[in-house]
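**Q** Quick one: this structure, given as structure tokens, is what I'll be asking you about.
The values are calculated or read from the model by the stated rules, or taken from the named source; none is laboratory data. Bear in mind that the values here come from a model prediction, so they are computed numbers and not experimental data. A quick note on method: Cβ atoms are made from the backbone with ideal geometry, for glycine too, and the neighbour counts reach across all protein chains shown.
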Amino acid sequence: MEYWDPHIERMPVDELRQLQEYKLKQLINYVYSHSPFYKKRLDDAGIKPEDINSLEDVKKLPFTYKQDLRDNYPTGMFCVPNTQLVRFHASSGTSGKPTVVGYTRNDINCWANSLARALTSIGIGRGDNMQVSYGYGLFTGGLGLHYGAEEVSASVLPTSAGNTGRQIELMQDLGTSVIACTPSYMLYMNEAAKNMGISIKDDTDLKIGILGAEPWSEEMRKRIEDTTGIKAYDIFGTSELSGPLFTECKYQDGIHIWADQFLVEIIDPDTGEPLPDGERGELAITTLSKEALPLIRYKVGDLTALNSEPCECGRTHPRITRITGRVDDMLVVRGVNVFPGQIEAVLMNIPEVGEHFQIIVDRVNEMDMMKVQIEMTDTAFSDRVNDIISLEKKVESALKSVLNVSVKVELVEQGSLPRTVGKSKKVIDNRNL
Amino acid sequence: MDTEDNILKQISIFAENKPGRLADIADKLKNADVNIRAFNIAEAGEFGIIRMVVDNPDKAYESLHNTGFTVSETNVLGIEMEDVPGSLSNIANSLGEHGINIDYSYAFVTKTEKALLIVRVDDIKGAISVLDDASFKLVDMEEIKHL
Ligand SMILES: [Zn+2]
């Protein structure tokens, strides 16, 4: 099957915009009458629902932030009574209170529908065995992909994250063709399989990986595809918007955002104004179909750019380019902005360098010091000290030329850096900022 | 004489300079029933390279590799020395005259009080013929086993 919903997915752009405009007006009326939070937000901004008449008017609307969800913990921003809800998810509260998301039955259906379109665009469907190695539970990754996969009639292996030996065994025995997990877990599995004497490339039927829940680079994709023999697709979504929702299509050139359900904008972080196609800024998404927890211009915190050009796959819905980092992940080192994703991209371009690294930032004598620890690999190892030192210097100068700030590179023993089954923690910032 | 016989397989291991690493490696080898004949550590700040001549290099490689160490086998030569200070410069001179460079070397004394010099050179076959012509005695793997 080429399209899950050909009518919507190939809808001419003009019609799509009309549909968005209609749904945006509906949304504003809906939140104004159902959400005391948004009524106050709009009143404070001096906006009445009748002021929103066109798609351009979205600019008049105030942004919504994650902090708003925290301030209204747990259900203060919900637009429906408890009787309408069929599920809750919650994100972990690493910094402050967790955020809670509620779903009506229709919200769950829309979520599954969004992923059904996405999975179909990759070519996943009936006959595929899909191993969902995202965590199940309050985290949206596991259940989200689970419902999406069932919607397209793939068979789900709900393995969740962890117990890697068993995952690899099942992958072999049941002939898993698709896996959904974080990119770092994919690499970890590959390594664990190798230690079990199994090559994911040669000894399994795995063909497709749906990887996300943490920022990763194009270079990392290449590395994963080369070592595991799979095609790796980027997935995007966040619990506040429901969960994982969108993926790349088989052309692997940006993630399609279903415009009938979500209105996407890229915002200039300095001016707060929307940016044109191709310019990188902060992602803001307005939900056009959600009932329990609709969000207006929600600042997701990811940095990306928009591409509204028609895609080779025939879909008219806009794409976002690879997310280069999260606003929260940005490090300021000696006054220079550094994203972990930039470091990853540099490292993955150096063949001798392994997949496992960690960034450590310290403040020594009032001076920021950034260190990147990289695991030694069998291929990079030499019994001559100078060879190792020159590899360190080579990586240092490659990083310096991209980041414009000096970095100390340290090769460390294989297996010494932490491995994780979920989102990896690549940065350790020891500064008390 | 077959030149291959004179090539020793040295075990080289990448290790961070952390306490206990050496003991850890020695432990692994002991469990694998491998005996260390000579060893040397080249330190460079945060890391070091441990180089060892053992009685069973393949077994040593396997046991270390399987327990997660970054390890390689390197071809080196073992040269018997009578009078240590004199021989060292003689060896270096003989090789140097033929354009052969020493990457590194380390010496150790056997139980029978013989001094052995382990060298890694950039042209191992050339080095064997030069040292042979200069009447240096090269030890082979069999002799290492029985040291
Ligand atoms: Zn496409």
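**Q** For residues in the stretch A:360-387 being of a type in the set (A, V, I, L, M, F, W, C), within 9 Å of chain B (Cβ to nearest Cβ) and touching a strand residue (DSSP E or B) at 6+ places or on another chain (Cβ under 6 Å), which is farthest from B:Gly68 (Cα to Cα)?
**A** A:Val385
**Q** I'm told A:Gly212 meets every condition in (1) over 22 Å from the mean Cα position of the chain (by Cα); (2) under 23 Å from A:Ala154 (Cβ atoms) except one. Can you identify the failing condition by its number?
**A** Every listed condition holds for A:Gly212 apart from (1).
**Q** Somewhere in the stretch A:134-148, is a residue among the polar types (S, T, N, Q), within 25 Å of A:Phe262 (Cα to Cα) and touching an Asp or Glu at 6+ places or on another chain (Cβ under 8 Å)? Even if it seems obvious, please write down each step before you answer.
**A** Looking only at the stretch A:134-148, we keep the residues that are among the polar types (S, T, N, Q), and these are A:140.
Then keep just the ones that are within 25 Å of A:Phe262 (Cα to Cα); that gives A:140.
Those still in the list that are touching an Asp or Glu at 6+ places or on another chain (Cβ under 8 Å) too: none.
Scanning the stretch A:134-148, I find no residue that is among the polar types (S, T, N, Q), within 25 Å of A:Phe262 (Cα to Cα) and touching an Asp or Glu at 6+ places or on another chain (Cβ under 8 Å), so the answer is no.
**Q** Any residue at all in the stretch A:92-99 that's in a helix (DSSP H, G or I), away from the ligand (no atom under 16 Å from the Cβ) and basic (Lys, Arg)? It would help to see each step written out before you state the result.
**A** We begin by selecting, within the stretch A:92-99, every residue in a helix (DSSP H, G or I); these are none.
Checked against the condition, which is being in a helix (DSSP H, G or I), away from the ligand (no atom under 16 Å from the Cβ) and basic (Lys, Arg), the stretch A:92-99 yields no hits at all.
**Q** Quick check on my filter: what residues within the stretch B:69-99 are within 11 Å of another protein chain (Cβ to nearest Cβ) and of a type in the set (Gly, Ala, Ser)? Outline the logic, then answer.
**A** Taking the stretch B:69-99 as the starting set, the residues that turn out to be within 11 Å of another protein chain (Cβ to nearest Cβ) are B:69-76.
B:Ser72 - this is the single residue of the stretch B:69-99 that is within 11 Å of another protein chain (Cβ to nearest Cβ) and of a type in the set (Gly, Ala, Ser).
**Q** Mind listing whichever residues of the stretch B:43-63 are more than 8 Å from chain A (Cβ to nearest Cβ) and among the β-branched types (Val, Ile, Thr)?
**A** B:Ile50, B:Val53, B:Val54
**Q** Here are B:Asn17, B:Asn40, B:Asn35, B:Asn66: which of them is more than 14 Å from chain A (Cβ to nearest Cβ) and either closer than 27 Å to B:Asp122 by Cβ or without any contact (Cβ under 8 Å) to a residue 40 or more places away in the chain (or both)?
**A** On the way: B:Asn17 fails: more than 14 Å from chain A (Cβ to nearest Cβ); B:Asn40 fails: more than 14 Å from chain A (Cβ to nearest Cβ); B:Asn66 fails: more than 14 Å from chain A (Cβ to nearest Cβ).
Unique residue meeting the criteria: B:Asn35.
Conditions (1) in contact (Cβ under 8 Å) with a residue 12 or more places away in the chain; (2) more than 20 Å from A:Cys181 (Cβ to Cβ); (3) not charged (D, E, K, R), marked per residue:
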| residue | (1), (2), (3) |
| --- | --- |
| A:Arg87 | yes, yes, no |
| A:Gly102 | yes, yes, yes |
| A:Ile108 | yes, yes, yes |
| A:Leu115 | yes, no, yes |
| A:Ala118 | yes, no, yes |
| A:Tyr136 | yes, no, yes |
| A:Gly144 | yes, no, yes |
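**Q** Here is a follow-up. Quick one: how many residues across the stretch A:100-124 are more than 14 Å from the ligand (Cβ to nearest atom) and either of a type in the set (D, E, K, R) or assigned to a helix (DSSP H, G or I) (or both)? Spell out how you get there, then give the answer.
**A** We begin by selecting, within the stretch A:100-124, every residue more than 14 Å from the ligand (Cβ to nearest atom); these are A:100-116, A:124.
Applying the additional criterion that residues be either of a type in the set (D, E, K, R) or assigned to a helix (DSSP H, G or I) (or both) yields A:105-116.
Result for the stretch A:100-124: 12.
**Q** I would also like to ask the following. Kindly provide the set of residues from the stretch A:313-327 that are assigned to a loop (DSSP other than H, G, I, E, B) and either within 14 Å of chain B (Cβ to nearest Cβ) or near the ligand (Cβ under 10 Å from one of its atoms) (or both), ordered by number.
**A** Kept after step one, since they are assigned to a loop (DSSP other than H, G, I, E, B), are these residues of the stretch A:313-327: A:313-318, A:321-324.
Those that are assigned to a loop (DSSP other than H, G, I, E, B) and either within 14 Å of chain B (Cβ to nearest Cβ) or near the ligand (Cβ under 10 Å from one of its atoms) (or both): A:Cys313, A:Gly314, A:Arg315, A:Thr316, A:His317.
**Q** Something else now. Return yes when A:Ser382 is free of Cβ contacts under 8 Å to residues at least 24 places away in the same chain, under 30 Å from B:Ser105 (Cα atoms) and part of a loop (DSSP other than H, G, I, E, B) and no when it is not.
**A** On the way: free of Cβ contacts under 8 Å to residues at least 24 places away in the same chain: yes; under 30 Å from B:Ser105 (Cα atoms): yes; part of a loop (DSSP other than H, G, I, E, B): yes.
When the stated conditions are applied, A:Ser382 passes them.
**Q** For A:Lys290, which of the numbered conditions (1) assigned to a loop (DSSP other than H, G, I, E, B); (2) within 16 Å of the ligand (Cβ to nearest atom); (3) in contact with a helix residue (DSSP H, G or I) (Cβ under 7 Å, 6 or more places away or on another chain) fails to hold?
**A** Just one mismatch for A:Lys290, condition (2).
**Q** Can A:Cys79 be described as part of a helix (DSSP H, G or I) and crowded, with 20+ Cβ neighbours inside 10 Å?
**A** On the way: part of a helix (DSSP H, G or I): no; crowded, with 20+ Cβ neighbours inside 10 Å: yes.
No, not satisfied.
**Q** Exactly one of (1) out of contact with any Gly (no Cβ under 6 Å at 6 or more places or on another chain); (2) away from chain A (no Cβ under 14 Å); (3) modelled with pLDDT under 95; (4) on the phi < 0 side of the Ramachandran plot is unmet by B:Ala127. Its number?
**A** Single failed check for B:Ala127: (3).
**Q** With the checklist (1) more than 16 Å from the ligand (Cβ to nearest atom); (2) surrounded by fewer than 18 Cβ atoms within 10 Å (Cβ to Cβ) in hand, flag the one item A:Glu344 doesn't pass.
**A** (2)
**Q** Ok, one more. Which of the residues spanning the stretch A:400-418 are more than 14 Å from chain B (Cβ to nearest Cβ) and either among the β-branched types (Val, Ile, Thr) or touching a residue at least 24 places away in the same chain (Cβ under 8 Å) (or both)?
**A** So the first thing to find is which residues in the stretch A:400-418 are more than 14 Å from chain B (Cβ to nearest Cβ), and the list is A:400-407, A:418.
Once the filter is applied, which keeps residues that are more than 14 Å from chain B (Cβ to nearest Cβ) and either among the β-branched types (Val, Ile, Thr) or touching a residue at least 24 places away in the same chain (Cβ under 8 Å) (or both), the stretch A:400-418 yields A:Val402, A:Leu403, A:Asn404, A:Val405, A:Ser406, A:Val407, A:Pro418.
**Q** Looking for whichever is among the small types (Gly, Ala, Ser) and at pLDDT 95 or above here; the options are A:Gly314, A:Gly341. Which one fits? Walk me through it before giving the result.
**A** Numbers: A:Gly341 fails: at pLDDT 95 or above.
From the options A:Gly314, A:Gly341, the qualifying one is A:Gly314.
For (1) among the hydroxyl-bearing types (Ser, Thr, Tyr); (2) surrounded by fewer than 17 Cβ atoms within 10 Å (Cβ to Cβ), each residue gets a yes or a no:
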{"residue": "A:Thr247", "(1), (2)": "yes, no"}
{"residue": "A:Asp253", "(1), (2)": "no, yes"}
{"residue": "A:Ala259", "(1), (2)": "no, no"}
{"residue": "A:Val264", "(1), (2)": "no, no"}
{"residue": "A:Ile267", "(1), (2)": "no, no"}
{"residue": "A:Asp270", "(1), (2)": "no, yes"}
{"residue": "A:Pro276", "(1), (2)": "no, yes"}
{"residue": "A:Leu283", "(1), (2)": "no, no"}
{"residue": "A:Ser289", "(1), (2)": "yes, no"}
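**Q** Determine if the stretch A:413-432 includes at least one residue that is outside any loop (DSSP other than H, G, I, E, B) and buried (at least 21 other Cβ atoms within 10 Å of the Cβ). Explain how you work it out, then say what you get.
**A** Within the stretch A:413-432, the subset outside any loop (DSSP other than H, G, I, E, B) is A:427-429.
Restricting the remaining residues to those that are buried (at least 21 other Cβ atoms within 10 Å of the Cβ) gives none.
Scanning the stretch A:413-432, I find no residue that is outside any loop (DSSP other than H, G, I, E, B) and buried (at least 21 other Cβ atoms within 10 Å of the Cβ), so the answer is no.
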